[in-house]
Amino acid sequence: MTDTIMQTADRVIAATYKRFPIVLERGEGTAVWDTQGRRYTDFVSGIAVCNLGHAHPRIAEAVARQARQLVHVSNLYYTLPQTELADLLVAQCFADRVFFCNSGAEANEAAIKLARKYFKDKGQPERYRIVSMEQSFHGRTMATLSATGQEKIRAGYDPVLQGFSFVPFNDIEALEAAVDEGTCAVMLEPIQGEGGIRCPAPDYLQQVRQLCNRHGILMILDEIQTGMSRTGALFAHQHEGVTPDIMTLAKALANGLPIGAMLATEKVAAAFGPGAHASTFGGTPLVTAAALETLRTMLDEQIPRRAAETGVYFRQALEGLKKRCSHIVEVRGRGLLLGVQLDGPADDLVAVCMQKGFLVNCVQGDTLRFAPPLIVQKEEIDALIACLEVILKQ
Ligand SMILES: *Cc1c(COP(=O)(O)O)cnc(C)c1O
């Protein structure tokens, strides 16, 4: 059966993913099982999506309850789950208003549109350019790939959208030089995820904030990967003592159901009046009920603190491994978003880890990324480290 599924999938599904040869059919907590009954400890979490783990009882119950009550109605009407979710989100951060959509790329599309519209409404239509970062990742739609500072993502899709330029991450002088009267916003990730788990230098985000203030432009933070407790705070910018004007969320927001959100201050959000932007499925009762339960669970169970503590343990374990293994160049990251850069390609290692019962993932060719569910146990981390040590020493 497993082989048939893989053969059929390879024949009928767009070949945009090179998949590993397992068929996953069940998950619980930090574990997933394939159709052969093999168990894997999941250090990928759907790429920082299932932050509370698989098949979480509270989320499963919230989804089932809402599915029986009301799955979808148009945004022409009010609903309770969407309202409660927005209210709880704004209570937890700088933002005053939330626009709901269905993915990270859509959240960033909304952010880009809002930044442009904000200056159009102010009577400055020439301010539409956005400066983002080299090695950034903001999504795969035309606008978001145009904002993405990786040639491999843009290749094949020329002409990309106008009005985007890139500067090196962590280089405040380059950013200063790139900003002019035509700039409406700076857009960046608090930690570059797809770019190889690149952390900001101390004070970098504060410097970006001050630069944006000086030029009267907007700061857009893409927290799609770093948000929802992943780095040991509900949102990663909360470690840095800065607030953006716009923040985007998706991935872990509903612990696996598709949702995106663009959050903004009242002043900026005012540019999105009736008809300015829309989404059929955005904020639909089913997914917002799941997101509401996800956020409540994170707050009830102090998941950010737990991720911070376990993250310190994991990081120290990786640093220890680095001392024992010459192939490790650098350990990077924060909370439970960690990367280990190797002195050569990391793809083979991912396949070997899988054979040994661990799902891990590789970014930028040479960096292993670890983004386990935030409920991961120290024993599971110890087991992964032992597995990596054996493989790296071979
Ligand atoms: C995953 C990701 C996106 C894109 O999200 P999709 O839901 O795949 O569209 C955008 N930005 C960052 C930082 C991401 O990690």
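Note on A9 and Q355: with the Förster distance fixed at 30 Å, the Cβ-Cβ geometry gives a FRET efficiency of about 0.90. Applying a threshold of 30 Å to the alpha-carbon distances of K18/K113; K113/K152; K251/K393 flags K18/K113; K251/K393 as lying beyond it. Per residue, the average separation of C-alpha pairs within less than 8 Å and at least 6 apart gives the stretch 308-394 a relative contact order of 29 percent.
Among residues other than G282 whose Cβ falls under 12 Å from its Cβ, what is the net charge (Lys/Arg +1, Asp/Glu -1)? Net charge around G282: -2.
Inter-label distance, A174 to E266: 3.9 nm, where each label sits 7 Å from its Cα along the C-beta direction.
Straight-distance candidates among the lysines for linking to K117, with alpha-carbon spacing under 25 Å and chain neighbours fewer than 8 residues away dropped: K267. Spin-label model, K393/F281: points 7 Å from Cα along the beta carbon direction are separated by 4.8 nm. Per-residue ellipticity at 222 nm computed for the chain from its helices equals -11500 deg cm²/dmol, with DSSP H segments shorter than 4 residues left out and the rest contributing -39,500 (n - 2.57).
Take the Cα of F20, step 7 Å toward its Cβ, do the same at A60, and the gap between the two points is 2.3 nm.
Which part of the stretch 209-246 falls in the paramagnetic zone of V312, meaning amide N under 20 Å from the point 7 Å along Cα-to-beta-carbon? Residues 229-241 fall inside that zone.
A dipole drawn for the chain from +1 and -1 charges on Cβ atoms has a positive end, and of Q207, A14, A271 the residue lying farthest that way is A14. So what's the gap between the Cα centers of the stretch 203-223 and the stretch 51-124, to the nearest angstrom? For the stretch 203-223 versus the stretch 51-124, the Cα centre distance is 24 Å. Two numbers describe the Cα atoms of the chain: Rg and Dmax, which are 20.9, 63 Å. In summary, the aspartates and glutamates within cross-link reach of K120, defined as a Cα separation below 17 angstrom excluding same-chain residues under 8 places away, comprise E109, D180, E181, D245, E266. For the chain, a crude dipole built from +1 on the beta carbon of Lys and Arg and -1 on the beta carbon of Asp and Glu, taken about the Cα centre, is about 400 debye to the nearest 20. The fewest-to-most ranking of L292, L76, L286 by surrounding Cβ atoms within 10 Å reads L76, L286, L292.
So what is the relative contact order for the stretch 58-300, in percent, with contacts set as C-alpha pairs under 8 Å and at least six apart?
So the answer I get is 31 percent.
Here, each number is a calculation from the coordinates, and none is a lab measurement. This is a predicted model, so every value here is computed, not measured. Cβ sites come from the backbone with ideal geometry, for glycine too, and all protein chains shown count toward neighbours.
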